[in-house]
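The block underneath contains the structure these notes are about, expressed in structure tokens.
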Amino acid sequence: MDDQHGILMDTMNELRLAAVRGLGREQVSEIMDRLIEFTRMHFWSEEQLMEQYGFSGLAEHRAEHQRILALTLQSAHRVQHGEKMQMRPLLCFLRELYSEHIEGMDREYGPWMNAQGAD
Ligand SMILES: [Fe+2]
Ligand SMILES: [Fe+2]
């Protein structure tokens, strides 16, 4: 999962660079599409793992994943249709959203699983 988190944060950096360089809507949208696809896959893998180990916080975690995905989809829509001015704060917002989740909630299930005897 740490590798997947690395890829997510790399994609965030790519988005930040794209904003700094003032890349166009189309190029940013392309990165956003990749982010969405990877996020879906990652959330699914995490939820499978939590289900496998009967993690008690699964429902709450899944709800948070759904919230993040919905916000990501909404952001992708804004990139495609919104004003160019919105791009940078939007990307900052996404970056915060993902890092808070990875450094917060995602730190909870690992130790719990280890305690259940996972390796
Ligand atoms: Fe995660
Ligand atoms: Fe998560």
| remark: All conditions in (1) in contact (Cβ under 8 Å) with a residue 12 or more places away in the chain; (2) within 16 Å of ligand 2 (Cβ to nearest atom); (3) not acidic (Asp, Glu) are true of Arg34 except (2)
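Check Arg34, Arg95 and return the single one that is of a type in the set (D, E, K, R), modelled with pLDDT under 95 and under 13 Å from the mean Cα position of the chain (by Cα). Even if it seems obvious, please write down each step before you answer.
Details: Arg34 fails: modelled with pLDDT under 95.
Within the list Arg34, Arg95, the selection yields Arg95.
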| query | If we scan segment 93-115, do we find a residue that is touching a residue at least 24 places away in the same chain (Cβ under 8 Å) and away from ligand 1 (no atom under 16 Å from the Cβ)? | reply | no
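The values are calculated or read from the model by the stated rules, or taken from the named source; none is laboratory data. All of these numbers come straight from a predicted model, not from anything done at the bench. For neighbour counting, all protein chains shown are included, and Cβ atoms are generated from backbone atoms with ideal geometry for every residue, glycine included.
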